[in-house]
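First comes the structure, then the notes that go with it.
The values are calculated or read from the model by the stated rules, or taken from the named source; none is laboratory data. Computed from a predicted model, the values in this text were never measured in an experiment. Ideal geometry is used to build each Cβ from the backbone, glycine not excepted, and the neighbour counts take in all protein chains shown.
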């Protein structure tokens, strides 16, 4: 019984495959022309034709046996496949346009236009450079930058201190040491560099940093 059942299933698959082959021979050329006139390229039309016959294979038992009826059935399938493709294409275009708009709005050049600063940052070792850019240009805290770089907070602080020291040496002529020093926290030590790297006047950096320090000091 098991053997006969297996033979019957195999015979059924062979019959379905032969039916699909005949359907392909009788309709594929016309379907491809239909799709090619309605798509952007021959490659798109060929992909849609393949998808239409994949649908036919999955629903082989629903295809009418009469030749003209089966031909019309395939054109209905092709039309549905084409409609879905158009919807997907329109969605992709809309999403791409939205993404391009978002990118143009969100991505801006680093605020400092001083070539000396850019050169100094670019001259840092890669690990320190990534950290400085994340903190000063992308607005992350050192803790957040450490998470993004998959390093410990202590490692990030060590790298930041070394990078900061290198930048102070590189930018020494432009550093104004007459301004009062802030408390020696990680935030407070960044005021001069932050001013140079972001283009924000140091007085404003000091004011905003002092507020940040007071908030940090009050945090449990």
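Scanning the stretch 123-158 for residues that are in a helix (DSSP H, G or I) and in contact (Cβ under 8 Å) with a residue 40 or more places away in the chain turns up 132, 135, 136, 142. Might you let me know whether the stretch 19-28 holds any residue that is within 30 Å of residue 93 (Cα to Cα), assigned by TED's automatic domain parsing to the domain that holds residue 93 and either without any contact (Cβ under 8 Å) to a residue 12 or more places away in the chain or in a helix (DSSP H, G or I) (or both)? Scanning the stretch 19-28 turns up at least one residue that is within 30 Å of residue 93 (Cα to Cα), assigned by TED's automatic domain parsing to the domain that holds residue 93 and either without any contact (Cβ under 8 Å) to a residue 12 or more places away in the chain or in a helix (DSSP H, G or I) (or both).
Screening the candidates 104, 71, 58 for the property of being modelled with pLDDT of 90 or more and exposed (fewer than 10 other Cβ atoms within 10 Å of the Cβ) yields one hit, 58.
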